[in-house]
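These notes concern the structure reproduced below.
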Amino acid sequence: MNIKTIDIKGKAYVTVAERVRLVHSERESFEVLESIAVEVAGRWLWRAVIKVNEKQYIGTAEVKLNAAKNLPDGTNPFECAETSAIGRALGFAGLGSVESIASAEEVIQAVAEQEYPTPRYNSDGPATEQQLSTIAKLYRDLGQEPIDCTGMSFGDCAQLLRDLSKRMQSKRKAS
């Protein structure tokens, strides 16, 4: 089967979209069992557990809350992390290039971060606009009126995001 790749610094990488196309065309079954944001040591990660042909695979990706607004991670950090985590899990399942588990999108982002590093946030510092807008969106998705987060710290918003993510996961499982 022909696999579409992107050349990055002389090495072929496969996009997440191509991995999804491959799983649907080459495998008997594919299912996302879990997809959730988790906080680990002050960093937000997305964890995806998938099942391909009755075998489970886990992929993780960092939620880049401080990404530049002109990048996809800057406008939709949770969605991008979820896509990356699923892409990594598909890579572990053997879909795409055998040479790399990382997707083309991950490598492009890593190269951009090396060239234009962004600072990490202090948990006692102010909340980011991305945190505040994601909190408001999660409340709306839960069918609730968003709360006023004015004056909340980065760490307080991170905790609230964790709680709201768990509630969203429970809501998805219930439906």
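The values are calculated or read from the model by the stated rules, or taken from the named source; none is laboratory data. All figures in this text were calculated on a predicted structure; none of them were measured in a lab. Heads up, the Cβs are rebuilt from the backbone with ideal geometry, glycines too, and the neighbour counts pull from every protein chain shown.
Points worth noting:
- Hey, Thr60 under 22 Å from Gln159 (Cβ atoms) and either surrounded by 18 or more Cβ atoms within 10 Å (Cβ to Cβ) or assigned by TED's automatic domain parsing to the domain that holds Phe78 (or both) or not: yes
- Of all residues in the stretch 121-140, those that are assigned to a helix (DSSP H, G or I) have Cβ atoms under 8 Å from Cβ atoms of residues that are acidic (Asp, Glu), 6 or more apart or on another chain, in Tyr139/Glu145.
- Meets criteria (in contact with a helix residue (DSSP H, G or I) (Cβ under 9 Å, 6 or more places away or on another chain), more than 23 Å from Ser175 (Cβ to Cβ) and of a type outside the set (Ser, Thr, Tyr)) for Ala67: yes
- Flag if Glu26 is touching a residue at least 60 places away in the same chain (Cβ under 8 Å), of a type in the set (Asp, Glu), under 14 Å from Ile86 (Cα atoms) and in the same structural domain as Leu90 (by TED's automatic domain parsing): no
- Leading residue by the ranking (nearest to the chain's Cα centre (by Cα)) among those in the stretch 1-57 that are assigned to a strand (DSSP E or B) and among the polar types (S, T, N, Q): Ser35
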